Every structure is written in C-alpha cells, then in structure tokens.
1. Quick one: what are the phi-derived ³J(HN,Hα) couplings along the range 95-105, Karplus 6.51/-1.76/1.60 with θ = phi - 60°, whole Hz, x for glycine and proline?
2. Hand me the chymotrypsin sites (Phe, Trp or Tyr not before Pro) from the range 158-245 located in a DSSP loop with no more than 16 other Cβ atoms within 10 Å, in residue order please.
3. For residue 66, give me every one of the aspartates and glutamates with a C-alpha distance below 18 angstrom, ignoring sequence neighbours fewer than eight places off in its own chain.
4. In Å, what is the Rg of the alpha-carbon atoms in the chain, and how long is Dmax?
5. Quick check: Cα centre of the range 310-361 to Cα centre of the range 268-289, how many Å?
6. Which translational diffusion coefficient, to the nearest whole µm²/s, is obtained for the range 419-480 from the Stokes-Einstein equation, given a Kirkwood hydrodynamic radius over C-alpha pairs, 10 °C and 1.306 mPa s?
7. In terms of modelled amide H atoms, which long-range or inter-chain residues lie less than 5 Å from the amide H of residue 60?
8. Non-local amide H neighbours of residue 377 (under 5 Å, H modeled in plane, Pro and chain starts lacking H): which ones?
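Here, each number is a calculation from the coordinates, and none is a lab measurement. These numbers come from a predicted model, not from an experiment. Using ideal geometry, Cβ is built from the backbone for each residue, glycine included, and neighbour counts are taken over all protein chains shown.
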Amino acid sequence: MDLPTDPMAANREKLAALRAAGVDPYPHRYARTHLASAVHADFAALEEGASISVAGRLRALRPMGKASFAHVEDPTGRLQLYLRRDILGPEAYGLVKLLSLGDLVGARGTVFRTRTGEVSLRVEQLAVLAKTVRPMPVVKEKEGVRYDAFQDREARYRQRYLDLMLNPETREVFRRRAETLRSLRRQLDARGFLEVETPVLQAVYGGAAARPFRTHHHALDMDLYLRISEELPLKKLLVGGLERVYELGRVFRNEGLDRQHNPEFTLLEFYWAYADYSDAMDLVETLIRQTAEDVAGTTTLPVPGEEAATFDLGAPFERRSLPLLLSEATGTDCLALGDAELRALAERHGAELSGPWHRGKLLEKLFDLTVAPQLRAPTFVTDYPKIISPLAKAHREHPEQLVERFELFILGEEYANAFSELNDPDDQRRRFEDQHRLREAGDEEAHPVDDDYLVALEHGLPPAAGVGIGVDRLVMLLTGASAIRDVLLFPHMRPRDAEAEA
C-alpha cells in the first residue's frame, strides 16, 4: 500500500485499511494481565511459559521482513515485543505495517530473553486498541537517552497529554503532587481533623484579600462569587461543634498570571479549636517536614535554578516578627512613621505607587521589597499590621497595631498564612466596617462585610487557630519546579489567535 507523505493522511489510510480488513481499531476493552514493570520483576517465574497480556502505547517499531521488534509503554515502563510471521500467521502479521508510533496496542504471548539479554514478549496475538490519527511528536532516543524530547514549554502546558506521554519526569511531578495531598491528609486525619467540603459558589466572598470572579445564577436571579478562600464556612463549622476541620480544594482569584500565580489553585485550610497561632506554627512545621520525607524521601532539597545549592526543611524553622524585620531592613521603625513618611520610604526602596495607598498596604509593599527576598531559610514571619488582617485576633502585647498572624517563607516565597482567629463578634464587625471604608476609598481587595458570618460569631466561636497552605507552591518546592504551571495539569493560558492556532 502506497501511503501519502502527509502523516495524518497516511494514518487515516491505515485506519481505513484496518477497518477494511475487519479489524475494529477502537474496541471496547482489553484484558491486560501484566504491567511492564511486573514482567521485568517477575521474569524468572513467567519464563516457565505462562501466557500473559500487556497493553500500552507503541513507542518503537522495527520491521525486519518476516519478524519485527517493537516497544510498548505503559505507566510503569517499556517492554519489547517480538513479532514473527510464522507465529502470528500471515494475516495478523500483515497488521504490523498498518501500525504507527503512538498507537495503543495489546499483545498476548510468552516471555523470554533475547540473545542481547532483553526481557521480551514473544507475541502470539496482536490487537489494535486505539489507532492514532495525529502523529506523535518524534523523540529520538539512543540507549535510553532522549535527544529532542517534547520540550517547548508553552506546547507542554497547552497539550499536557503529549507532555505526559513523552516526558517521564512530568509524570513523576504529578505522582509527587498526588503523594503530597495524601501525606497532608494522612497527617491531619491522624490528629483528629475531619475533612469537609464547603461551597465554591458564595453569595459573599471572603477570607482573603483578593479580587473575585463573579457569575450569575439564573434560577435565583442573583450574582454569586467563586470563593477566594475556604475560611469563613470552615469557621462556621467550629461554631457548630466540629472542633478540628480541614478542606483541600480549589479557590479562585481574579488576578494576574506569573511564575507563582494561577487564577485557580489548590488550597489547604484547617481550623483548630482551642489553639492559637503558636500551636499552628508547631503543626505547620511538622506537616511541611513530614510531607517532604513522604514525597521526596529527604528534608534536604535542591534550590530550583541554583546548581548544587540546597535548603533544609529538617532544621528548626526561624520565627521573626515583621516589625523587627522591617526595622532591620530599612533602618527605621516603620510602624512609628506617618502615612506620608511611610509612602516616601516605600518609594525610596523601589515601590511604584499610584493613587491612594493606606498604611497597611505600604507596610506590606515595603516588606515584599526589602525583607521577603532575603528569607531563604524556612522562616515564620509573625505579628502583622491589624489593618491588613481583618480576621485575625489582636496581638496580646500590641493590640492597637498588630495581630497574631504568621506567614511561612522559604526561598523568598510565601507558603502558608495563619491567624489566632478573631472570635469577638463586635470587634469583627468594626474590622469589617473599616474594610468597607477602604473599599469605598478604592481598595478592591478589602474584605466585604459578611453579615451571615457575624451572626454565626454571635453564637460563639471558640478560640481557634486557622491555617492556609498553598498546595501548588508546596509541590513546586518538593519537585524543584520553577513555575506554578509545571505542577498544574491544566494551567490557564492566554488564548492563541486563529493564525497562530493554524
């Protein structure tokens, strides 16, 4: 059969030829008995002659007249297939020339070792399980080394299925991601925390400083928001008597895309009745350290992008107050400055400010510019300004200016945020009203007033610690990924125009 030079046209002709030969190129099921790794591991027992079946994607095909060699790949590895005309029969062996790299095939036969020592399957029955139409990107390999794998970053993000198909290291990243989630769940479950689910669609969003996505519910004729955090519903559960709760789920923030940010991301939040932010620091340190052990097998990990550099999650995490860190970085007691002086100081340190900036935002900006990049070792930054922490309890020693809050920084990036939770309903209402005034002054990220949450507080929220951990960033840390898109199976991308798509 003379095939067209266009790969898609050639594959379609092969597809038509299979159907003409009475072969269903898309059967309903296939009975696979062994994965490739099991064949290699159990070769001694299998070479007794028992018939087994394997299935996977065709990654190599070398026709040699009356015999052919192929490699089939499944999630555990590759296995060589040995196909002979006199074993399969002329008709079945004729199917080999209708195969293409990337086809999904099944093979039944007996295992043996070739003269070169490679564990192989002597194929007695061959089945086409899914005939490809689009050609698989060509990847050159020699002795297990790939020379031109599918490496274009944008293409890998847009066509993650090809990335997973062609790059084993990508599959390993997402295996580690799954193990990260399992580890966090195991540790919290073991401490008596109950996993729960709370609404993604909310009439009033809250729990963080972020711009939300808005949608409309037609049956109720009302606007709803995709949640920006899981906090307020979880604290209502503490009011109801569920004293240790957590949720692992997606949250949504209508903000820019960059190396650390995606509009939707996975957040772990847990709430712990009768604990405070010091208790939370102890637990977060334990969670992060144990997760590293479970996922990476060590607490000493490489610094992404820095050859031979490592950082250690096994050493005790530092604990430093934000006001002291700011004072050390700027040489000034920033909390004592007036608003104009604080703004001038921020501009001297590189802040580009336009429009109104309240002092809380200015302090936060100064911290981001002068302190955060220097926090390489794991560090809990404690005691934040009250004006940017409307849900946190006032600091016991500095109640007018500060709250009991911490953020965890590693390699200059934030990984966790936590409070001693504010449970005084009257104080919470005042804080919400302060935030409302900031919104009216132009701060789009100020917290809205949530009357339903205030009603819940009036029924009595126990003293509690609350923690949020960015799961995607934690996976980046544990896999050495340099961008959040590397640890999201389907990251958001800007649409390509029609010409580029073609």
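1. Those phi angles translate into 5, 4, 6, 9, 8, 9, 4, x, 4, 8, 10 Hz.
2. Filter output for the range 158-245: 213.
3. Excluding near neighbours in sequence, the set is 86, 91, 124.
4. According to the Cα coordinates of the chain, Rg and Dmax are 29.0, 90 Å.
5. 25 Å
6. 114 µm²/s
7. Amide H neighbours of residue 60, under 5 Å, 5+ apart: 71.
8. HN-HN under 5 Å from residue 377: 411.
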